[in-house]
Amino acid sequence: MVKEKPNSTRIYDEDGFRRRAACICVRSELENEVLLVSSSRRPDHWIVPGGGVEPEEEPSTTAIREVMEEAGVCGKLGRCLGVFENTEHKHRTEVFVLVVTEELPEWEDSKTIGRKRKWFTVEDALEQLSLHKPVQLNYLQSLLTSERNNKVT
């Protein structure tokens, strides 16, 4: 069963792709641990929190809202890693980095659908996403690339 939020309106770009936003949630500026959440469709699969952009909403606002709803965390929004296209599901996701500063004991999706969250080393998160979420794997690989570029400059 697909979980559709009440009153959610899907927003599409000029190419007919659904607009989404997500965050790679990291524990610190070191970016060596990332937070993944259990999938609403497949609770044994781990995914990057994110969702649809609402009307009149900036993607950065969407990313912060979705992370709170799905992972029960808030923090400091960092750089944008880019826009990632999923041609199979016809959506484009703008992905940000979020340094987590607070983890709530309970949150919306933990109460309504039993969603879980878990910290992974970057290597373990890459392995988890490679199994089921190749597009989300690109998000994390982009984090590693941008992190290296930041250290060089």
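The values are calculated or read from the model by the stated rules, or taken from the named source; none is laboratory data. This is a predicted model, so every value here is computed, not measured. Don't worry about glycine lacking a Cβ; one is built from the backbone with ideal geometry, like all the others, and counts go over all protein chains shown. Just so you know, the surface numbers come from the protein's heavy atoms only, side chains and all, with ligands and any DNA or RNA stripped out. Shrake-Rupley method; radii C 1.70, N 1.55, O 1.52, S 1.80 Å.
In this rough spin-label picture, where each label sits 7 Å from Cα along the Cβ direction, the Y12-V83 distance is 1.6 nm. Once each part is reduced to its C-alpha centroid, what is the distance from the stretch 60-97 to the stretch 110-139 in angstrom? Comparing the Cα centres of the stretch 60-97 and the stretch 110-139, I get a distance of 13 Å. At the listed q of 0.20, 0.23, 0.27 Å⁻¹, the Debye profile of the stretch 1-83, built from one uniform point per Cα, gives log10 I(q)/I(0) equal to -1.01, -1.25, -1.47. Averaged over residues, the count of other Cβ atoms within 10 Å places the peptides 16-27, 72-83, 56-67 in the sequence 16-27, 56-67, 72-83, highest first.
Would you calculate, for the chain, the mean residue ellipticity at 222 nm contributed by helices, counting each DSSP H stretch of 4 or more residues as -39,500 (n - 2.57) and dividing by all residues, to the nearest 500?
It lands at -9500 deg cm²/dmol.
Past the 19 angstrom mark, what percentage of all C-alpha to C-alpha distances in the stretch 70-153 do you count? Result for the distance tail: 52 percent. Matching the structure-derived Kirkwood radius over Cα pairs in Å against the labelled list (i) 17.1; (ii) 19.6; (iii) 15.6 gives the label (iii).
Counting only DSSP beta bridges with both residues in the chain, the antiparallel share comes to about 75 percent. On the stretch 1-119, 49 percent of the accessible area sits on carbon and sulfur atoms, based on a 1.4 Å probe.
Sites listed here are GluC sites (Glu not before Pro) in the stretch 85-153 whose DSSP assignment is loop and whose Cβ has at most 14 other Cβ atoms within 10 Å: E88, E106. The GNM of the chain, with springs linking C-alpha atoms under 10 angstrom apart, assigns the highest mean-square fluctuation among D13, D124, D109 to D13. Note on the chain: with a GNM built from Cα contacts shorter than 10 Å, the maximum mean-square fluctuation among P55, P105, P43 falls on P105.
Note: relative contact order over the stretch 1-152, using C-alpha pairs below 8 Å and six or more positions apart, is 27 percent.
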